[in-house]
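Note sheet for the following structure.
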Amino acid sequence: MNYTTQQLKKWDAEHLLHPYMNFEKFRNIIAKGEGAYIYDHDGKKYLDGVAGLWCVNIGHGRKELGEVMQKQTEKLGYYSSFVSFANEPSILLAQKIMALAPKNLTHLYFTTGGSEANDATIRIVHNYNFLRKMPYKKHIISRKQAYHGMTYLTASLTGLPSNNENYHTITDFIHHLSCPSSYRPPMDGELTPKEQVNFYVTELEKKIHQLGAHNVAAFIAEPIMGAGGVHVAPEGYHKKMWEVCKKHDILYVSDEVVTGFCRLGEFFTTEKLYGVKADIINVAKGITSGYFPMGATLISDEIYSTLKKGEFTTAFTYSAHPVGAAVALKNIEIMEKEKIGEGVKTISQKLWQRLKDLQKKHPVLGDVRGSHFMLGFEFVADQKTKKPFPLEKKFSAKLSDFCFENGLVIRPLSENINVLSPTLIWKEEQVEELYKILDLSITQTLNALA
Ligand code: PLP
């Protein structure tokens with residue numbers, strides 16, 4: 001049966017709730033994906049500048065993943081991993097991921113996504129301290145503008161107040177420090193990156209002192225903040241924050257849901273790029289390139305040894321799903337075979353250069369930031385003073401609309417910030433296509449808002 005776009009849009013409006021629902025606008029029914037491109041239900045082609053949602057790392061329409069999914073479904077579509085049951089693909093996947101991960105991490109727990117991984121982390125951390133006979137060591141320190149998910153618990157770890165206004169947030173054991181934005185540092189005066197790092201470290205020390213180190217269980221951080229605005233911390237920030245955690249017996253949790261699986265050119269970035277030996281690393285998204293809902297919480301040998309002494313009661317029906325695991329294994333195999341990380345390292349240099357060209361041409365583009373294939377744009381009224389573009393004009397939403405009309409998907413994050421997080425298979429051709437469409441769309445946006 002072929003349904004018209006109009007019919008589908010009508011039914012969508014009648015029945016479907018979308019994440020971050022826009023109740024006024026139901027517009028884009030995506031029907032097909034192929035490599036770096038997607039097609040809407042009317043057959044129009046778009047360059048996918050967001051990889052679905054920071055996740056379709058190896059590109060769209062990969063037949064190998066379809067084949068492996070079919071084979072595994074026919075063999076064993078599902079069986080529980082509770083208690084003493086196990087399945088082959090998840091055992092092999094655990095082994096593969098641990099071989100790619102930093103060496104201090106030895107075990108992992110599979111989830112169905114990033115929120116679940118962060119949620120499970122808090123249970124693991126609390127259980128770990130309970131078993132260490134420190135049941136009061138429960139406080140978690142996060143950061144403003146962080147994004148760690150949208151379960152009821154992880155929405156509280158997330159540091160975006162607009163997400164939580166209508167809800168009860170957990171404030172008795174979850175706390176937020178400043179967002180370490182290099183573009184708009186939260187402190188007064190012109191500080192060098194080193195001075196900025198000192199500010200954040202002092203803030204962390206103060207918070208630990210205020211709560212009592214014996215009450216603080218963990219610090220959680222994305223290597224680069226994603227959904228909160230693609231904020232890049234000043235050089236040395238993560239290492240110094242980790243050192244403070246170590247000093248006070250506080251676990252360092254790295255949320256690599258976006259940065260992991262080659263978006264920054266490496267499978268794991270926390271140790272390689274930031275010099276931090278995290279006690280826990282969480283991944284999702286790129287683990288299956290989005291072809292199957294999956295995530296994982298990787299824990300250190302030290303945590304595992306302690307958990308072994310008690311009961312482990314964190315349990316999800318779809319943990320270690322055999323089909324998801326088979327997909328992830330094939331996805332990783334493709335990433336290695338096609339040297340996806342190396343491609344990211346090479347092409348991102350060209351991408352960065354072209355975005356800098358664009359910034360020179362369009363003074364409204366105040367900041368291009370991020371790393372490799374995780375980028376953010378911030379639009380301003382004045383490049384020198386960084387005066388924001390008037391918020392009520394909603395530059396980023398308008399720009400995304402024009403880009404969409406012109407055949408490119410980029411995502412607005414706030415009034416003046418857009419994110420670019422492409423599939424990791426872009427070549428120079430896609431970079432040039434992006435440049436052309438962005439160039440035109442920025443001009444159109446400025447004209448429309450003039
Ligand atoms: N952590 C980070 C850094 C994320 O960016 C996201 C989602 O974008 C999550 C966690 C939540 O993952 P999920 O939407 O799979 O639950």
Next on the checklist: Just to make sure I understand: if all protein chains stay in place, what is the order of Glu342, Glu190 by accessible area at 1.4 Å, largest first?
Outcome noted: Glu190, Glu342
Next on the checklist: How much accessible area per residue does the stretch 295-450 have, counting only protein heavy atoms and a probe of 1.4 Å, in square angstrom?
Outcome noted: 43
Checklist entry - Which one of Tyr3, Phe219, Leu413 is farthest out on the positive end of the charge dipole of the chain, using unit charges on Cβ (Lys, Arg +1; Asp, Glu -1) and the Cα centre as origin? => result Phe219
Item to check | trypsin sites (Lys or Arg not before Pro) restricted to the stretch 84-130 and DSSP loop, no more than 15 other C-beta within 10 Å | outcome: Lys103
Item to check | Candidates per chymotrypsin sites (Phe, Trp or Tyr not before Pro) in the stretch 57-119, loop by DSSP, up to 15 other Cβ within 10 Å | outcome: Tyr78, Tyr79, Phe82, Phe85
Next on the checklist: At R0 = 60 Å, how high is the FRET efficiency between Leu8 and Asp357 if r is their beta carbon distance? Nearest 0.05 is fine.
Outcome noted: 0.95
Next on the checklist: For the stretch 161-189 and the stretch 85-116, what is the centre-to-centre distance using only Cα atoms, to the nearest Å?
Outcome noted: 31
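Please go through the stretch 367-430 and write out the trypsin sites (Lys or Arg not before Pro) that DSSP classes as loop and that have at most 14 other C-beta atoms within 10 Å.
Lys384, Lys386, Lys427
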Checklist entry - Ranked from the most accessible area to the least, with a 1.4 Å probe and all protein chains present, what is the order of Val68, Val380? => result Val68, Val380
Checklist entry - Hey, in the GNM for the chain with a 10 angstrom Cα cutoff, which one of Asp367, Asp357, Asp439 fluctuates hardest? => result Asp357
Item to check | Fraction of beta bridges assigned by DSSP in the chain that are antiparallel (%, nearest 5) | outcome: 65
Checklist entry - Over what distance in Å are the Cα centres of the stretch 396-413 and the stretch 226-286 separated? => result 29
Checklist entry - Given the protein chains as shown and a 1.4 Å probe, how many square angstrom of Asp42 are accessible, to the nearest 10? => result 120
Checklist entry - In a shell of Cβ-Cβ distance under 9 Å around Leu449, excluding Leu449 itself, what net charge do Lys and Arg (+1) and Asp and Glu (-1) give? => result +3
Item to check | Gyration tensor (alpha-carbon) shape descriptor, the chain, a/c threshold 1.5 | outcome: oblate
Checklist entry - Within a Cβ distance under 12 Å of Ile29, other residues only, what is the Lys/Arg minus Asp/Glu net charge? => result +2
Checklist outcome for this item: For Lys272, the accessible surface traced by a 1.4 Å probe with all protein chains present amounts, in square angstrom to the nearest 10, to 150
Next on the checklist: Taking amide H atoms as placed 1.01 Å from N in the peptide plane, list the residues 5 or more away in sequence, or in a different chain, whose amide H sits under 5 Å from that of Cys179.
Outcome noted: Lys144
Checklist outcome for this item: Taking the chain and counting helices only, DSSP H stretches of n ≥ 4 at -39,500 (n - 2.57) each over all residues, the nearest-500 ellipticity at 222 nm comes to -12500 deg cm²/dmol
Next on the checklist: Net charge around Pro322, counting only other residues with Cβ within less than 15 Å of its Cβ (Lys, Arg = +1; Asp, Glu = -1)?
Outcome noted: +2
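The values are calculated or read from the model by the stated rules, or taken from the named source; none is laboratory data. Only a predicted model underlies this, so the values are computations on that prediction, with no experimental measurement involved. Methodologically, a virtual Cβ is constructed for each residue, glycine included, from the backbone with ideal geometry; neighbour enumeration extends over all protein chains shown. Heads up: the accessible areas ignore ligands, DNA and RNA and are worked out on the full protein's heavy atoms, side chains in. Shrake-Rupley method; radii C 1.70, N 1.55, O 1.52, S 1.80 Å.
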